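So the structure is just underneath, and the comments pick up after that.
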Amino acid sequence: MTFIIGAMLCGTFALPFALPQHAHAQSTGTTEAEEAAAAEKSESEKRQEQQAELERQLADLEKQIEEHEKTVAQYQKEGKTLKGEISSLNAQISSLNLKIKSITLTLTKLNQEINETQRNINRTENKIETNKDALSNALRTVDETDRENTLSILLANNNLSDFFGSINDIMLIQDGIRAKLDEITKQKQDLLVIKQELSDKKEDQENIRAVQLTQKKSQESVQTKKASLLKATQGKETEYQKILKKTQETAAQIRSRIFELLGGGELTFEKAYNYARIAEGASNVRAALILAILNRESLLGKNVGRCSYKTAMHPTRDIPYFLDLLKRLNIDPESTAAKVSCANQHGSYGGAMGPAQFIPSTWKLYETKIANVTKNSPPNPWNNSDAFTATGIYIRELMDSQSCIEYGKQIPSDSQMLRERCAAAKYYAGSRWYTYRFWYGDPVVKTANSYEDDIAVLKKGS
């Protein structure tokens, strides 16, 4: 009993057979555990150095990508000539090549982070098992002691001080058990956090792989476009201008073009733009960016509106409010109209609703603000007017967040573009936005810029 109490006062449970090993450690100056810890530390330092080198390479590539993107934008501003178009296509191909290389490095970095997270999970699980074993031993000791009643303990001791010493020993063991139970509970909570982190990283890995395929297809498409253009024009400016005139869309064509909503369904571009203008007035976020966010993106189309809230939503964070909202909207939660995004295969919750893909707990935060604009009370996440307005309000708050403001300061001349890129990436990935600033945020901003051209044609044709 004294041995166990001493061990518990040191913050851990130990077993008597560990004592000879400890004596051996004093003679040799080290233990196998210490040697293993030193080796692990060395490996950890190597992994940190590798991560730092990958970060350096990624930062260098991102600077190059920024420069190429500026070149592309400059060619586009200079006007439509055959020479300018070919130069723009060449710059796009170079930029895409850099992005593919950057994605490959990002995947390598994510793989290392996933492996490190898995090691942390293994270590935490081992700690839990070790503490369980130690706790089991202590409980057995307490059980054996509890079989002796107080009178037996009193009779077993020659004097009163020994009796109270024995009682004190029992109380110390019980306090130690409580402390160890608290420790196991904390370790389990830590393990859940680490497992969620691993789930997020695996989802990031899959999404970045999907982006990589998209970038490769884009590269092939641009190369094909360049080859076709050269073949059709035979290098003659007059032929290029004829082709350009034929391919320019009219206001009527743009109005009737189908605009696909992120959460399912479709509108004409004109109707979508009208909704976006209302949201722009409420949020001071340009309508084109709101349209770009709500347009169906390749990364986000895979888990939209196919699942029941029962299997997809966080049970305590989202389901109670979701059911309350549907009751107020008079929507049957079991109906097709109430389908939400699915959980991913690694265990992260889904439950995003409607075109704007808000999870219930986030929609709740903006319910009053949306209602103040649309006058719909309660606002309906499946209603286009409410969804567009919610997107504008949310994007405004993201753009005004400290992290997006700081990100915008990196290139003062392009601050607005960077803040929009940051906000779009946050809209998709939340706190993991930095991973997606190029792979999601940047394409959204570019799509918004192309919509600006369409909007200009609409205004001109009105």
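Nothing in this text is a laboratory measurement; each read-out follows from the coordinates by a stated rule. Source: prediction; values computed, not measured. A quick note on method: Cβ atoms are made from the backbone with ideal geometry, for glycine too, and the neighbour counts reach across all protein chains shown.
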(request) Give, as a single signed number, the net charge of other residues whose beta carbon lies under 10 Å from the beta carbon of ASN380, with Lys and Arg counted +1 and Asp and Glu -1. (result) 0
(message) Give me a comma-separated list of calculated 3J(HN,Hα) values for the stretch 194-202, in order, Karplus coefficients 6.51, -1.76, 1.60 applied at θ = phi - 60°, integers in Hz, x for any Gly or Pro.
(response) 5, 5, 5, 4, 5, 4, 5, 5, 5
(request) Describe numerically, in nm with one decimal, the distance between label points set 7 Å from Cα along Cα→Cβ at ASP414 and at ILE258. (result) 3.4
(request) Report ³J(HN,Hα) in whole Hz for each residue of the stretch 326-331, in order, from the Karplus equation J = 6.51 cos²θ - 1.76 cosθ + 1.60 where θ = phi - 60°; Gly and Pro get x. (result) 5, 5, 5, 8, 6, 10
(message) Let's test this: bin the Cα-Cα distances of the stretch 209-339 at 10 Å from zero up to the farthest pair and state each bin's percent.
(response) 10, 21, 30, 23, 9, 6, 1
(request) Give me the distance between the Cα centres of the stretch 44-108 and the stretch 238-295, rounded to whole Å. (result) 28
(request) Extending each Cα 7 Å along its Cβ direction at LYS80 and LYS246, get the distance between those two points in nm, one decimal. (result) 1.3
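As a footprinting exposure proxy, order ILE370, ILE278 by other Cβ within 10 Å, with the fewest listed first.
Details: ILE370 30, ILE278 17.
Going from least to most buried by this count: ILE278, ILE370.
Let me know the number of lysine pairs in the stretch 172-238 closer than 17 Å at the Cα, not counting same-chain pairs under 8 apart. Don't skip to the answer; put the middle values down first.
Working: LYS180/LYS188; LYS186/LYS195; LYS216/LYS225; LYS216/LYS226; LYS217/LYS225; LYS217/LYS226; LYS225/LYS236; LYS226/LYS236.
Qualifying lysine pairs in the stretch 172-238: 8.
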(request) Could you name the lysines whose alpha carbon sits less than 28 Å from that of LYS460, not counting residues in the same chain fewer than 8 places away? (result) LYS70, LYS77, LYS80, LYS83, LYS242, LYS245, LYS246, LYS271, LYS446
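Using a 10 Å cut-off around each Cβ, can you sort VAL444, VAL72 from fewest to most neighbouring Cβ atoms?
So the ranking, lowest neighbour count to highest, is VAL72, VAL444.
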(request) Could you go through the stretch 364-374 in sequence order and give the Karplus-derived ³J(HN,Hα) for each residue, using 6.51 cos²θ - 1.76 cosθ + 1.60 with θ = phi - 60°, rounded to whole Hz, and x for Gly and Pro? (result) 4, 5, 10, 4, 5, 4, 5, 4, 5, 8, 8
(request) Return the long-range amide H neighbours of ASN344 (sequence gap of 5 or more, or a different chain), with a cut-off of under 5 Å between placed amide H atoms. (result) GLY350
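Return PHE322, PHE259 ranked ascending by Cβ neighbour count within 10 Å, so the fewest neighbours appear first.
PHE259, PHE322
Which three numbers, in whole Å and largest first, are the semi-axes of the equivalent ellipsoid of the stretch 249-461 derived from its Cα gyration tensor as √(5λ)? Don't jump to the answer; show the numbers that get you there.
Values: eigenvalues 147, 88, 52 Å².
Semi-axis lengths for the stretch 249-461 are 27, 21, 16 Å.
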